[in-house]
């Protein structure tokens with residue numbers, strides 16, 4: 001019945017659209033987007049998604065990931081500046097319609113550094129202090145090939161003169177740096193930074209211990225390692241076994257859960273005792289997937305939206321319940337799938353049930369509804385790239401790829417602001433009609449997302465007991 005009424009609305013809308021075109025004639029054609037300037041380039045967006053602001057950054061494959069502070073009193077966005085010179089930019093969105101770069105940092109001797117460089121900024125708060133971290137991937141042949149991350153104190157913003165570098169995390173036993181990182185307020189009260197590594201583990205750092213170690217000794221803040229159960233022979237000796245992950249609290253089971261994408265597929269661990277992670281379930285043996293890229297669960301931890309980094313691959317949706325219940329050893333078949341354009345590739349995503357906000361490379365910002373996980377559908381979009389098809393990151397001599405355009409996406413829960421980092425065009429701030437903020441309880445879900453409650457910890461978690 002639901003499908004039928006939706007089809008009726010679609011038919012009505014189509015009829016109205018056709019009548020409008022016939023009635024408007026040449027005027028409608030004259031107002032059409034000029035997509036013929038560069039054949040195949042996608043421009044504009046849906047009527048319900050609005051651009052608040054755009055800041056071109058140092059482009060041409062230079063802008064990497066993005067993060068946004070969740071407190072309205074701290075209107076700051078952090079973007080990574082990859083390749084040469086590698087570094088970080090801070091953008092103030094005190095007025096979201098007039099963003100401005102207020103601070104930029106670039107690593108010393110930038111031309112000597114080799115590799116992708118700066119990739120992934122995150123922020124944490126602990127004991128009243130705000131910290132900015134940034135992950136790097138430099139390679140041998142240049143300096144800092146064992147540098148994983150830098151840590152700054154940014155408590156004093158907007159006064160940028162008070163920003164202070166506190167520590168650098170070097171990992172000499174696994175050179176090659178951290179491709180990704182994720183900040184998390186653990187139920188034990190610790191502010192943790194989960195990072196990938198060039199080994200068969202995700203490394204977990206306590207930010208207070210990293211800062212206490214200081215200087216070049218931040219690796220002393222290591223408090224746990226999460227293993228990947230499969231050796232990725234396709235990529236050699238488990239190199240960067242994990243690509244990306246999400247960490248969230250499950251109030252139903254009273255567990256902190258790690259959702260890791262990497263060699264062989266996708267894995268869920270109980271990291272309540274972060275020093276002793278326990279594998280809960282996995283998604284492996286999936287047709288078309290030998291390596292997971294991104295793994296984001298729904299607020300209740302039942303469904304997962306996952307990505308695998310190759311052209312034509314849709315975002316797949318899995319029901320993890322059989323695995324979490326122990327009725328199957330691993331899950332191999334998705335229950336749903338979505339893609340903006342079958343010829344392209346979606347990159348990263350943020351789940352705010354029932355919506356999924358996607359940074360979809362050539363397809364820019366995309367938003368789909370997964371209320372019915374088996375039948376997701378697009379509800380809004382905006383093309384941030386304006387780039388020709390297959391003009392992105394090179395995969396070989398003369399070979400372009402679809403890895404161009406929207407790299408990262410973040411959502412501010414307090415007001416529904418959406419921010420995008422685009423490899424080619426820089427920073428974007430957008431809003432979607434009707435989405436003015438998010439709290440899981442409004443949808444009958446736990447209030448769990450990538451946004452952390454740094455002051456109070458995960459909702460529903462027992463309060464940490466003080467040890468005398």
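Here, each number is a calculation from the coordinates, and none is a lab measurement. Computed from a predicted structure; not experimentally measured. Ideal geometry is used to build each Cβ from the backbone, glycine not excepted, and the neighbour counts take in all protein chains shown.
Shape summary: segment 317-468 maps onto an equivalent ellipsoid whose semi-axes, from the alpha-carbon gyration tensor, are 31, 21, 17 Å in decreasing order.
What FRET efficiency do you get for residue 325 and residue 72 if R0 is 41 Å and r is their Cβ-Cβ distance, rounded to the nearest 0.05?
On the way: r = 40 Å, r/R0 = 0.97.
Here the calculated transfer efficiency is 0.55.
With the gyration tensor restricted to C-alpha atoms of the chain, the semi-axes of the equivalent ellipsoid amount to 34, 27, 23 Å, longest first.
When a/c is below 1.5 the answer is rounded, else prolate if a/b is larger than b/c, else oblate, so apply that to segment 249-333 with a ≥ b ≥ c taken from the square roots of the Cα gyration tensor eigenvalues.
Values: a/c = 1.78, a/b = 1.67, b/c = 1.06.
Prolate, since a/c reaches 1.5 and a/b exceeds b/c.
Cα gyration tensor of segment 175-288, axes a ≥ b ≥ c as square roots of the eigenvalues: rounded (a/c below 1.5), prolate (a/b > b/c) or oblate? Verdict is oblate for segment 175-288. Based on the convex hull around the alpha carbon atoms, segment 28-148 presents an average projected area of 11.0 nm². Panel note: the C-alpha atoms of segment 414-467, placed on their principal axes, show extents of 50, 27, 13 Å (largest first). Peptides 247-258, 350-361, 433-444, 405-416 ranked from most to least packed by the mean count of surrounding Cβ atoms within 10 Å: 350-361, 405-416, 247-258, 433-444.
Can you tell me the relative contact order of the chain? Whole percent, Cα pairs under 8 Å, sequence separation 6 or more. Let's see the in-between values first.
Details: 1250 pairs, mean separation 64.9, N = 468.
About 14 percent, as a whole number.
Per-residue ellipticity at 222 nm for the chain, helices alone: DSSP H runs ≥ 4 residues times -39500 (n - 2.57), over residue total, nearest 500 deg cm²/dmol? Write down the numbers at each step before the final one.
Values: 4 runs with 41 residues, N = 468.
Helix-only estimate at 222 nm: -2500 deg cm²/dmol.
Label-to-label distance for residue 173 and residue 101 is 3.8 nm, based on points extended 7 Å past Cα in the beta-carbon direction. Starting from the Cα gyration tensor of segment 306-403, take the square roots of the eigenvalues, sort them a ≥ b ≥ c, and report rounded, prolate or oblate (rounded when a/c is under 1.5, otherwise prolate if a/b is larger than b/c, else oblate). Verdict is oblate for segment 306-403.
Report the label-to-label distance for residue 287 and residue 159 in nanometres (one decimal), using points 7 Å from each Cα along the Cα→Cβ vector. Placing both labels 7 Å along Cα→Cβ, they lie 6.2 nm apart.
So for segment 240-299, averaging the separation of alpha carbon pairs under 8 Å that are six or more residues apart and normalising by length, what relative contact order in percent results? Please report the intermediate quantities before stating the final value.
Details: 126 pairs, mean separation 20.7, N = 60.
So the answer I get is 34 percent.
More than 23 Å apart: what percent of Cα pairs in segment 118-199 qualify? Please report the intermediate quantities before stating the final value.
Working: 859 of 3321 pairs.
More than 23 Å apart: 26 percent of the Cα pairs in segment 118-199.
Rounded to the nearest 10 degrees, the angle from helix 2-24 to the longest Cα principal axis of the chain is 60 degrees.
Applying a 10 Å radius around every beta-carbon, put 74-85, 93-104 in order of their mean neighbour count, most first.
Values: 74-85: 22.2, 93-104: 15.3.
Order by mean packing, descending: 74-85, 93-104.
Descending by average beta-carbon neighbour count within 10 Å, the peptides 275-288, 188-201 line up as 188-201, 275-288, the highest first.
State the three equivalent ellipsoid semi-axes of segment 357-442, derived from the C-alpha gyration tensor as the square roots of 5 times its eigenvalues, in descending order and whole Å. List each step's numbers first, then the result.
Details: eigenvalues 154, 45, 18 Å².
Sorted largest first and rounded, they come to 28, 15, 10 Å.
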